[in-house]
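Novice: Quick one: the structure is below, questions incoming.
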Amino acid sequence: MVEELKSMVGLDETILYEGKPEKKCFIFESIFNPLLPFAIIWVLLDVSFLSTAIESMKFFMIAFMLFHMMPVWIYLAGVIFAFKRYKNTYYIVTDHAVYISSGIFTMNLKAKTFAELSHVNLHRGIFDQMFGVGDIQITTNQFTRNNTPDVLGINSISNYSEIYRIVKKLQRDIYSDTMYPNDLRPEENHGYRTKYRG
């Protein structure tokens with residue numbers, strides 16, 4: 001996965017950052033996600049209902065409850081597969097684009113140039129603060145199938161502040177060069193395909 005992501009980086013690009021999420025935070029966020037309270041309540045209700053079932057219908061009730069507890073199995077599967085998701089998650093930031101690999105069973109490799117990015121935000125949730133990490137949320141100027149902005153995440157990284165500043169500066173500078181090309185923004189940009197000088 002990492003090598004395939006690296007192979008997407010252009011020969012004329014310079015890698016400014018590459019890394020993975022902080023493992024403990026990544027796993028904690030997978031375990032303590034918003035489904036956890038729902039899954040606990042669902043188990044308690046189903047177990048109490050099963051314990052009051054009539055003895056003669058016990059086999060039917062167990063089969064029904066196993067099916068009825070589907071939300072719990074979905075939550076547990078998410079926790080179990082968090083390790084696989086962690087293994088497949090990798091980030092690369094170059095002077096041209098952001099590259100992200102993810103996935104559990106399928107391989108998802110995304111690349112977005114800085115000209116395609118519209119907003120860069122920094123987010124630190126409870127577990128991020130606990131583990132001294134942060135998330136960089138990057139909104140692109142493209143939309144998903146349900147007409148919501150496409151958002152990429154460089155999540156749970158320790159040097160979040162430094163990487164945020166790098167991504168924000170590149171996004172702002174390259175977006176400005178795209179909007180005001182051909183020396184309308186003087187001193188640095190001398191036309192299309194100019195190498196970013198920072």
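The values are calculated or read from the model by the stated rules, or taken from the named source; none is laboratory data. As the structure is a computational prediction, the values presented were derived from the model and not from experiment. Quick reminder, even Gly has a Cβ in these numbers, built from the backbone with ideal geometry, and neighbours come from all protein chains shown.
Residues checked against (1) within 21 Å of residue 23 (Cβ to Cβ); (2) among the hydrophobic types (A, V, I, L, M, F, W, C):
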| residue | (1), (2) |
| --- | --- |
| 85 | yes, no |
| 100 | yes, yes |
| 112 | no, no |
| 116 | no, no |
| 136 | yes, yes |
| 151 | no, yes |
| 154 | yes, yes |
| 161 | yes, no |
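Novice: Just checking, which of 60, 49, 28 is at pLDDT 70 or above, in a helix (DSSP H, G or I) and either touching a helix residue (DSSP H, G or I) at 6+ places or on another chain (Cβ under 9 Å) or more than 16 Å from residue 101 (Cβ to Cβ) (or both)?
Specialist: 28
Novice: I would also like to ask the following. Among the residues of region 114-137, which ones are under 16 Å from residue 95 (Cα atoms) and under 17 Å from the mean Cα position of the chain (by Cα)? Break it down into steps so the answer makes sense when it comes.
Specialist: Taking region 114-137 and keeping what is under 16 Å from residue 95 (Cα atoms), we get 114-117, 120.
If the condition is that a residue be under 16 Å from residue 95 (Cα atoms) and under 17 Å from the mean Cα position of the chain (by Cα), then 117, 120 are the ones that fit.
Matching residues to (1) part of a loop (DSSP other than H, G, I, E, B); (2) touching a Ser or Thr at 6+ places or on another chain (Cβ under 7 Å):
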{"position": "91", "(1), (2)": "no, no"}
{"position": "106", "(1), (2)": "yes, no"}
{"position": "112", "(1), (2)": "no, yes"}
{"position": "136", "(1), (2)": "no, no"}
{"position": "154", "(1), (2)": "no, no"}
{"position": "167", "(1), (2)": "no, no"}
{"position": "175", "(1), (2)": "no, no"}
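Novice: Exposed (fewer than 12 other Cβ atoms within 10 Å of the Cβ), modelled with pLDDT under 90, not in a strand (DSSP E or B) and not aliphatic (A, V, I, L, M): does that describe residue 181?
Specialist: Working: exposed (fewer than 12 other Cβ atoms within 10 Å of the Cβ): no; modelled with pLDDT under 90: yes; not in a strand (DSSP E or B): yes; not aliphatic (A, V, I, L, M): yes.
Judged against the criteria, residue 181 is not a match.
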